[in-house]
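Worksheet for the structure shown next.
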Amino acid sequence: MCKKELLKKIKTKGSLVLIQKYVEDIMKEKYHDNLLDDEIFSLFEKVIDLAKDMYEEDKISQKGDVTSIFSVLLSLCNKLEINIFDALLEEKQRVLSEYYT
C-alpha cells in the first residue's frame, strides 16, 4: 500500500482523530483541568523514564513509557487545539516543498 493510500485510509477511518479524542476524554476524566505547564513537566519526566528504561533494556517499561509520552503529546495537542492528523499532513507538505524548491 502506498503512502497516499495509507493516509487516505487513516483519514477515512479517523483513527488518529479518534485516538486524540479518546485521550482528551481520558485526560479530562483523570486530571480535569491540568495546566499546560504540568503537561510539559509530565512529558519531560516520561522521556527521562524512557531513557532510563532504554539504558536498562527494560522492554516492558519502554512500551509503557512510549504510550505515556504519546498520550501526553496528544493531550498537549488537545490543549493547544491542534488536530494531530492535519498537523502531520501540513508538516509533511512543508518539508516536501522546502526539499523540492
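The values are calculated or read from the model by the stated rules, or taken from the named source; none is laboratory data. Because the structure is a prediction, the values reported are computed rather than measured. Backbone-built Cβ (ideal geometry, glycine too); neighbour counts: all protein chains shown. All accessible areas refer to the heavy atoms of the entire protein, side chains included, with ligands and DNA or RNA removed. Shrake-Rupley method; radii C 1.70, N 1.55, O 1.52, S 1.80 Å.
Of note:
- If you go through segment 21-36 and keep only what is part of a helix (DSSP H, G or I), surrounded by 13 or more Cβ atoms within 10 Å (Cβ to Cβ) and at pLDDT below 75, you end up with 26, 27, 28, 31.
- Residue, most open to solvent (accessible area, probe 1.4 Å), within segment 64-85, restricted to residues that are of a type in the set (D, E, K, R) and touching a helix residue (DSSP H, G or I) at 6+ places or on another chain (Cβ under 9 Å): 79
- Note on segment 37-80: residues that are modelled with pLDDT of 90 or more and outside any helix (DSSP H, G or I) total 2.
- Test: residue in segment 40-52 that is of a type in the set (Asp, Glu) and open to solvent by less than 60 Å² (accessible area, probe 1.4 Å): no
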